[in-house]
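Student: This is the structure I want to talk about, given as structure tokens.
No value in this document is a laboratory result; all are computed from the given coordinates. This structure is a prediction, so every number in the text was calculated from the model and none was measured. Cβ placement follows ideal geometry from the backbone for every residue including glycine, while neighbour counts extend to all protein chains displayed.
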Amino acid sequence: MVLPVVKYGHPTLRARGQRVEAITPEIERLVQDMFETMYAAKGIGLAAQQVDRALQVMVIDVRDVKDRPSTLELHGEAAPVEALMPLALINPEIKPFGPPETGPEGCLSFPELFADITRPAQTDVTGLDAKGKPVKFRCGGLLSRAVQHEYDHLQGILFIDRMSLKDKEELKPELDALQARTRAALARK
């Protein structure tokens, strides 16, 4: 089922996700629904906070992005990104490292807003997959950026928090308008 994606100004976007203690049918359904929602919105990543659930759950699929390559290492060996996609991560832990890289980012909770964000080039990732099995990998390129972006969501951090002051100032009218629309919609509920 495609779920509504909450927009900037919704309080759940600032909530730190709770750890998932067990892979229940509800968690499995949430993961499936998050994939359907992400694909319907034409995104490459989605965190549970974006569908109004403050849990440590994210989904990612970068297979269709050809102009921004990704790298993947499994068990210390290079692997095709497709080996891990589509990727569900539950209770992830990440260790970003490497030289900083600046690249464009957008977010389904900020429709049509984009900015260059600087993040470390690579990430070591551990967590559980949708069935509760341990997952461990190293990634770079777009996959690393997506993992870091979605992990931030799980901590209540938004990509606007990582923008340069100049970019944030330039986007301020759009951000204020989006936040006002979201808060008005919440007040009507």
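Student: If you go through region 126-135 one residue at a time, do you hit one that is more than 22 Å from HIS10 (Cβ to Cβ) and either hydroxyl-bearing (Ser, Thr, Tyr) or touching a Lys or Arg at 6+ places or on another chain (Cβ under 7 Å) (or both)? Working first, answer last.
Tutor: Within region 126-135, the subset more than 22 Å from HIS10 (Cβ to Cβ) is 126-135.
With either hydroxyl-bearing (Ser, Thr, Tyr) or touching a Lys or Arg at 6+ places or on another chain (Cβ under 7 Å) (or both) added as a condition, the list becomes 126.
Looking through region 126-135, at least one residue is more than 22 Å from HIS10 (Cβ to Cβ) and either hydroxyl-bearing (Ser, Thr, Tyr) or touching a Lys or Arg at 6+ places or on another chain (Cβ under 7 Å) (or both).
Student: Let me ask something else about it. If I filter region 71-93 for residues that are among the acidic types (Asp, Glu), touching a Pro at 6+ places or on another chain (Cβ under 9 Å), more than 16 Å from VAL2 (Cα to Cα) and in contact (Cβ under 8 Å) with a residue 24 or more places away in the chain, do I get at least one hit?
Tutor: Scanning region 71-93 turns up no residue that is among the acidic types (Asp, Glu), touching a Pro at 6+ places or on another chain (Cβ under 9 Å), more than 16 Å from VAL2 (Cα to Cα) and in contact (Cβ under 8 Å) with a residue 24 or more places away in the chain.
Student: How many residues are of a type in the set (Gly, Ala, Ser) and either over 17 Å from the mean Cα position of the chain (by Cα) or crowded, with 19+ Cβ neighbours inside 10 Å (or both) if we restrict to region 1-41?
Tutor: Start the filter on region 1-41 by keeping residues that are of a type in the set (Gly, Ala, Ser), which leaves 9, 15, 17, 22, 40-41.
Now restrict to residues that are either over 17 Å from the mean Cα position of the chain (by Cα) or crowded, with 19+ Cβ neighbours inside 10 Å (or both): 9, 17, 22.
Summing the residues that are of a type in the set (Gly, Ala, Ser) and either over 17 Å from the mean Cα position of the chain (by Cα) or crowded, with 19+ Cβ neighbours inside 10 Å (or both) in region 1-41 gives 3.
Student: Which residue is farthest from VAL20 (Cα to Cα), if the candidates are limited to region 128-152 and must be small (Gly, Ala, Ser) and in a helix (DSSP H, G or I)? Quick ask: steps written out before the conclusion?
Tutor: Applying the first criterion (small (Gly, Ala, Ser)) to region 128-152 yields 130, 132, 140-141, 144, 146.
Among the residues that remain, those that are also in a helix (DSSP H, G or I) are: 141, 144, 146.
Values: GLY141: 28, SER144: 23, ALA146: 21 Å.
Filtering first and then ranking leaves GLY141.
Student: Scan (1) outside any loop (DSSP other than H, G, I, E, B); (2) among the hydrophobic types (A, V, I, L, M, F, W, C); (3) buried (at least 20 other Cβ atoms within 10 Å of the Cβ) for the single condition LEU178 breaks and write down its number.
Tutor: (3)
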